[in-house]
1. If residue 138 passes every condition in (1) over 16 Å from the mean Cα position of the chain (by Cα); (2) crowded, with 18+ Cβ neighbours inside 10 Å but one, which one does it miss?
2. Of all residues in segment 106-126, count the ones that are part of a helix (DSSP H, G or I) and surrounded by 13 or more Cβ atoms within 10 Å (Cβ to Cβ).
3. Have a look at 77, 63, 45 and point out the one that is touching a helix residue (DSSP H, G or I) at 6+ places or on another chain (Cβ under 6 Å), within 19 Å of residue 156 (Cβ to Cβ) and modelled with pLDDT of 95 or more.
4. From the list 155, 175, 136, pick out the single residue that is in a helix (DSSP H, G or I) and more than 18 Å from residue 66 (Cα to Cα).
5. Please work out which one of (1) part of a helix (DSSP H, G or I); (2) touching a helix residue (DSSP H, G or I) at 6+ places or on another chain (Cβ under 6 Å); (3) free of Cβ contacts under 8 Å to residues at least 60 places away in the same chain; (4) closer than 21 Å to residue 92 by Cα is the condition residue 141 fails and give its number.
6. When the residues of segment 66-81 are filtered to those that are in a loop (DSSP other than H, G, I, E, B) and in contact (Cβ under 8 Å) with a residue 24 or more places away in the chain, which remaining residue is surrounded by the fewest Cβ atoms within 10 Å (Cβ to Cβ)?
7. Which condition breaks for residue 28 when tested against (1) surrounded by fewer than 21 Cβ atoms within 10 Å (Cβ to Cβ); (2) touching a helix residue (DSSP H, G or I) at 6+ places or on another chain (Cβ under 8 Å); (3) farther than 27 Å from residue 200 by Cβ; (4) touching a residue at least 40 places away in the same chain (Cβ under 8 Å)?
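The values are calculated or read from the model by the stated rules, or taken from the named source; none is laboratory data. In this text the structure is predicted, and so the values were computed from the model without any measurement. Cβ placement follows ideal geometry from the backbone for every residue including glycine, while neighbour counts extend to all protein chains displayed.
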């Protein structure tokens, strides 16, 4: 079996990646269950193991920190309640803020958005998308959540646009998937009726897109 990192399946890097994948699958099978410690642990470990992998492979410290903060955010969001939601929002806000300088340092600078049409077009599409999303959420969330959500949306837009400065399709794809995952999560939490039969499907899509995003960004830096 061909493995992404040197050595066989039992090499530390490959074993850590497999551990992460297994935790992600386990969490997917528990999505419809009530919040519990084991469920939270599976969700947190899926991305925490990617942080461990990035550290073991000498990846950028900003990548390691962003993944670690994301894992903390996963732990918060695996629980119910507004306090847990705000804790998750703060953790992922910090992660996105770290991704921005990581991507900008590794990319060709914001000037490439103006010199390469496809990059600029995607950046404009991202901006239009988040404006529409913010407008939809503004009418549906309480006043206390409006500012935190607006700040978060600005951060994820900055993350997406900064990813477009790289020549790494894995990282760019990961950033796009991250934005899609966050948009679906917001829609499921604030826009979709509580009795909608497709809410469960949205939760599965959110997790699949989110984990794929973090995996693509991690492997993009470690293997790209």
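1. Unmet condition: (2).
2. At the first step, the residues of segment 106-126 found to be part of a helix (DSSP H, G or I) are 106, 112-115, 117-126.
Filter once more, keeping what is surrounded by 13 or more Cβ atoms within 10 Å (Cβ to Cβ): 106, 112-113, 119-120, 122-123, 126.
So the answer is 8.
3. Details: 77 fails: modelled with pLDDT of 95 or more; 45 fails: within 19 Å of residue 156 (Cβ to Cβ).
Selected residue: 63, the only one of 77, 63, 45 that is touching a helix residue (DSSP H, G or I) at 6+ places or on another chain (Cβ under 6 Å), within 19 Å of residue 156 (Cβ to Cβ) and modelled with pLDDT of 95 or more.
4. Result of the check over 155, 175, 136: 136.
5. Against the list (1) part of a helix (DSSP H, G or I); (2) touching a helix residue (DSSP H, G or I) at 6+ places or on another chain (Cβ under 6 Å); (3) free of Cβ contacts under 8 Å to residues at least 60 places away in the same chain; (4) closer than 21 Å to residue 92 by Cα, residue 141 comes up short only on (1).
6. Filtering segment 66-81 for residues in a loop (DSSP other than H, G, I, E, B) gives 78-81.
Adding the requirement that they be in contact (Cβ under 8 Å) with a residue 24 or more places away in the chain leaves 78-80.
Details: 78: 21, 79: 16, 80: 10.
By that ranking, first place goes to 80.
7. It fails just one condition, (3).
One line per residue, one yes/no per condition, for (1) assigned to a loop (DSSP other than H, G, I, E, B); (2) surrounded by fewer than 18 Cβ atoms within 10 Å (Cβ to Cβ); (3) in contact (Cβ under 8 Å) with a residue 12 or more places away in the chain:
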{"residue": "49", "(1), (2), (3)": "no, no, yes"}
{"residue": "52", "(1), (2), (3)": "no, no, yes"}
{"residue": "55", "(1), (2), (3)": "no, yes, no"}
{"residue": "58", "(1), (2), (3)": "yes, yes, no"}
{"residue": "86", "(1), (2), (3)": "no, yes, yes"}
{"residue": "92", "(1), (2), (3)": "no, no, yes"}
